[in-house]
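> This is the structure I want to talk about, given as structure tokens.
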Amino acid sequence: MPAESGIAEAAAVLRDGGLVAFPTETVYGLGANALDARAAARIFEAKARPSFDPLITHLADAADLEKLVGPVPPAVAALAERFWPGPLTLIVDRPAEIPPIVTSGLDTMAVRVPDEPSARALIRAAGVPVAAPSANRFGQLSPTRAAHVVKGLGGAVDVVLDGGPTRCGIESTIVDARGPQPVVLRLGALALEDLVEAVGPVTVRPGSSGQPVAPGTLAAHYAPRTPLRVVTGARPAAGDGVRRGFLAFREPPADGYAAVEVLSPAGDVTEAAARLFDALHRLDAAGVTEILAEAAPDEGVGRAINDRLRRAAATWDAAG
Ligand code: TXA
Ligand code: MG
């Protein structure tokens, strides 16, 4: 249903323990009442998400943070103040009201206030914090349109609110600012440069680990079903009879590809990020044998684009 007119009904579904997919400025989320362990369990089931992968709790307003978790460290409060509502997820102590299933048993909780009026209206109307991962099956492409959600999760969701394509197109940046120097756990829609400008030097946690602190940082993740390879340097010649798709950053490739997507003819990383998953969804549906993807410039949100492309490619490296 349309995001504007569906809020009241969707909020009632959330309060009753149901699942509501809703737009945020980053990607569509699959929401449930974060105070309700059974509702949260349904998220894991619908996504086929491993229980060790904790959810992000969404709030309607920055002022709700301390109401839920009590006082937070000054650096956390400063980041919330500066960037909320917006594509920044912060790590705080898990309050007792939030059942451990939401945080996969961690004593910390990821939390953010999305910068999307309908999402905030939904959370406000529900009157509860909303746990929401991206509304895709585990490991697959994140949805940036309501149609992506319906295609990927279909009947597993009670309501899908359609707010059109999402503005940022890539997930939030996750930061743990509880220690002496903020640690970026996942690159995302809030550019590293903007973060550094606000808080000074940060550490970017490289790669992944076996017991993931942020499984969105698993080496293999965010993957289309079609094998994907990141090309650097010269573009491989097409025309060997293999149906290939090409994801270009700025310039379309020479003829010979079965499907081509150009992320930003103007060469703008923000525009490219907004179109990334939509383009990958289309290439994935184009019936090609392989997708070649060109890296973005390693600046601003371009870093997050390249991070997602590397992880999509790693799925296929891992599969051999
Ligand atoms: O933009 C976004 O963040 C979207 C929208 C819907 O808000 N959500 C999203 O959720 O990307 P998800 O579940 O796909 O990714 C959340 C990431 C996961 O990698 C998870 O491991 C990490 O957040 N995370 C959650 N709780 C955590 C915690 N306590 N400590 C560290 N990482 C955590
Ligand atoms: Mg996700």
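> Enter the Cα centre distance for the pair the stretch 74-89 and the stretch 222-299, rounded to the nearest angstrom.
33
> Go through 289-299, 107-117, 249-259 and give me the packing order, highest mean Cβ count within 10 Å leading.
Final packing ranking: 107-117, 289-299, 249-259.
> Can you compute 3J(HN,Hα) from phi for each residue in the stretch 99-116, using the Karplus curve 6.51 cos²θ - 1.76 cosθ + 1.60 with θ = phi - 60°, rounded to whole Hz and x for Gly and Pro?
Each residue's phi maps through the Karplus curve to give x, x, 4, 4, 9, 6, x, 5, 8, 10, 9, 8, 8, 7, 10, x, 9, 8 Hz.
> When only C-alpha pairs under 8 Å and at least 6 residues apart count, what is the relative contact order of the stretch 41-200, in percent?
Contact order relative to length: 27 percent.
> Follow-up. Kindly write out, for the stretch 138-150 in residue order, the coupling ³J(HN,Hα) from the Karplus curve 6.51 cos²θ - 1.76 cosθ + 1.60 (θ = phi - 60°), rounded to whole Hz, with x marking Gly and Pro.
The phi angles translate into 3, x, 8, 4, 6, x, 10, 9, 4, 4, 4, 5, 4 Hz.
> Report the residue, chosen from 185, 68, 59, that carries the largest GNM mean-square fluctuation when the chain is represented by alpha-carbon nodes joined by springs under 10 Å.
68
> If you don't mind, another one. To test your reading of the geometry: what angle, between 0 and 90 degrees and rounded to tens, separates the Cα axis of helix 117-126 from the longest principal axis of the chain?
Long axis of 117-126 versus the principal axis of the chain: about 40 degrees.
> Tell me what the chain gives for mean residue ellipticity at 222 nm when only DSSP H runs of n ≥ 4 count, each as -39,500 (n - 2.57), the sum divided by the residue total, rounded to 500 deg cm²/dmol.
Value at 222 nm, helices only: -9500 deg cm²/dmol.
> Shifting gears a bit: What number, in percent, do you get for the relative contact order of the stretch 1-127 if the mean sequence gap of Cα pairs under 8 Å and at least 6 apart is divided by its residue count?
Here the relative contact order equals 32 percent.
> Taking the chain as the reference, fit the longest principal axis to its C-alpha atoms, fit the long axis of helix 37-47 to the helix C-alpha atoms, and give the angle between the two in degrees, 0 to 90, nearest 10.
Once rounded, one gets 10 degrees.
> Quick check: Cα centre of the stretch 106-180 to Cα centre of the stretch 1-38, how many Å?
That distance is 9 Å.
> About its Cα centre, how strong a charge dipole does the chain have in debye, to the nearest 20, once Lys and Arg get +1 and Asp and Glu get -1 at the Cβ?
Rounded to the nearest 20 debye, it is 720 debye.
> For residue 8 and residue 38, what does the FRET efficiency come to when R0 = 25 Å and r is the distance between their Cβ atoms, rounded to the nearest 0.05?
0.65
> Follow-up question, since we're still on this one. Nearest 10 degrees is fine. How inclined is helix 3-15 to the longest principal axis of the chain, computing both from alpha carbons?
The angle comes out near 60 degrees.
> Which whole-Hz ³J(HN,Hα) couplings does the stretch 29-35 yield from phi under the Karplus relation 6.51 cos²θ - 1.76 cosθ + 1.60, θ = phi - 60°, glycine and proline marked x?
x, 10, x, 8, 4, 6, 8
Readers should treat all values here as calculations from the given coordinates under stated rules, not as data from a laboratory. Everything numeric in this text was worked out from a predicted model, so none of it was measured. Every residue, glycine as well, gets a Cβ built from its backbone with ideal geometry; the counts of neighbours run over all protein chains shown.
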